[in-house]
């Protein structure tokens with residue numbers, strides 16, 4: 001049994017998730033691969049596996065029950081958070097992981113190939129690349145954990161959205177001022193997240209375009 005299996009299992013239960021042992025083991029395979037690649041390629045500033053379990057795996061898993069269904073784009077995915085973790089837990093959901101960092105995308109592509117994952121694609125590009133926008137098309141759900149500014153994330157997401165697309169932005173503290181600026185165009189809901197073993201604020205900001 002993996003060293004962190006029980007901690008992950010208890011953490012997912014605390015989040016209200018029912019994940020199979022097989023899924024938990026795949027998540028830990030992903031973390032092990034991230035730890036290994038991180039030694040050579042500096043994919044994440046978090047180096048200790050026990051910290052990764054909380055700040056990457058459980059943090060990303062905390063949004064799982066809140067995500068609408070449909071094709072998902074993870075913008076600025078970095079080492080695959082939250083996009084890869086969502087894809088591993090929801091194998092019927094098509095997920096595209098987008099980042100401009102070549103090392104991070106190479107890691108994700110290798111992991112996808114090693115596990116023969118068929119519902120997730122990693123793409124190295126800048127989010128504003130017009131040709132890639134055309135190739136990738138539109139998405140039902142757009143996520144990000146990396147954007148410093150909610151306004152910038154919303155602006156970057158626009159070309160990938162149809163009228164019913166939903167933006168799900170992971171934040172620490174609630175970006176109240178930015179939310180107020182976006183309220184004329186979006187219906188906005190903020191959900192407080194409780195990440196097991198993490199004594200920091202976490203929120204999910206969900207934005208839906210106002211119709212009419």
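Laboratory data are not the source of any read-out in this text; all were calculated from the coordinates shown. Computed from a predicted structure; not experimentally measured. Glycine also receives a Cβ, built like all others from the backbone with ideal geometry; neighbour counts cover every protein chain displayed.
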Selection within the range 148-159 - over 13 Å from residue 204 (Cα atoms) and buried (at least 19 other Cβ atoms within 10 Å of the Cβ): 153, 154, 156, 157
Which numbered condition residue 54 misses (of (1) over 22 Å from residue 112 (Cβ atoms); (2) within 16 Å of the chain's Cα centre (by Cα); (3) without any contact (Cβ under 8 Å) to a residue 40 or more places away in the chain): (3)
Leading residue by the ranking (nearest to residue 179 (Cα to Cα)) among those in the range 111-137 that are in contact (Cβ under 8 Å) with a residue 60 or more places away in the chain and within 18 Å of the chain's Cα centre (by Cα): 136
Odd one out for residue 64, checked against (1) closer than 10 Å to residue 120 by Cβ; (2) touching a helix residue (DSSP H, G or I) at 6+ places or on another chain (Cβ under 7 Å); (3) surrounded by fewer than 23 Cβ atoms within 10 Å (Cβ to Cβ): (1)
In the range 74-110, residue surrounded by the most Cβ atoms within 10 Å (Cβ to Cβ) [restricted to those that are more than 15 Å from the chain's Cα centre (by Cα) and assigned to a helix (DSSP H, G or I)]: 107
Residue 39 assigned to a helix (DSSP H, G or I) and either crowded, with 22+ Cβ neighbours inside 10 Å or in contact (Cβ under 8 Å) with a residue 12 or more places away in the chain (or both): no
Members of the range 165-207 that are surrounded by fewer than 16 Cβ atoms within 10 Å (Cβ to Cβ), touching a residue at least 40 places away in the same chain (Cβ under 8 Å) and assigned to a strand (DSSP E or B): 191
Among residues of the range 57-73, those that are outside any helix (DSSP H, G or I) and either more than 26 Å from residue 10 (Cα to Cα) or over 12 Å from the mean Cα position of the chain (by Cα) (or both), counted: 6
